[in-house]
Amino acid sequence: MSSKRPQSQGSKQRQLRVGELICRTLSDMLNRAEIHDPDLNRMSITISEVSCSTDLKIARVYVMPLMGTASVEEAITVLARNAYDLRRRLGRQMTLKYVPELRFLPDLTFDRLEETRRLFLDEVVQRDIATKNDVEDET
């Protein structure tokens, strides 16, 4: 019989706090070029979000290279290659009992934002928005 405990609000808050702490710490490490990998140090990478699993054993790190320094796949490959060293340094700087395994994923937020902008510029959508605004003005 499985004993699944309901997830409390406190554990969600802990996940968010740990994710934010990992995000800031990893960003600082990458900005200071603490990892001695020339491929990683030549890239400018932004970490937009870190989400942790409920047991805090896995951290999904959403990354995006900036200014065309590398492709997303190349950045993820280089980060994954240095995941052990990044995790070890995280353990030294953070006061966690267990440092989560780092899994690097592409940040698709920018792509979704661009798609949303494109949709709003579509003639059909513009016409529908104008029609809805006219109906609201009449009431």
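What follows is calculated from the coordinates using simple rules that are stated; it is not laboratory data. As the structure is a prediction and not an experimental result, all values here were calculated from the model. A quick note on method: Cβ atoms are made from the backbone with ideal geometry, for glycine too, and the neighbour counts reach across all protein chains shown.
Points to keep in mind about this one:
- Relative contact order for the chain: 20 percent, from Cα pairs under 8 Å spaced at least 6 residues apart, divided by residue count.
- Computed E for Leu96/Ser71 - FRET, C-beta separation, R0 25 angstrom, nearest 0.05: 0.20
- Coupling constants for the stretch 37-49 follow from the phi torsions by the Karplus curve (6.51 cos²θ - 1.76 cosθ + 1.60, θ = phi - 60°), and in residue order they are 10, x, 5, 6, 6, 7, 8, 9, 10, 9, 10, 8, 7 Hz; glycine and proline get x.
- About the Cα centre, charge dipole magnitude for the chain (Lys/Arg +1, Asp/Glu -1 at Cβ), debye: 1380 debye
- Reference-scaled alpha-carbon Rg (2.2 N^0.38 Å with N residues) for the chain: 1.44
- Derived scalar couplings ³J(HN,Hα) [the stretch 52-67; Karplus, 6.51 cos²θ - 1.76 cosθ + 1.60; whole Hz; x for Gly, Pro]: 9, 5, 5, 8, 6, 9, 10, 10, 8, 9, 8, 10, 8, x, 9, 6
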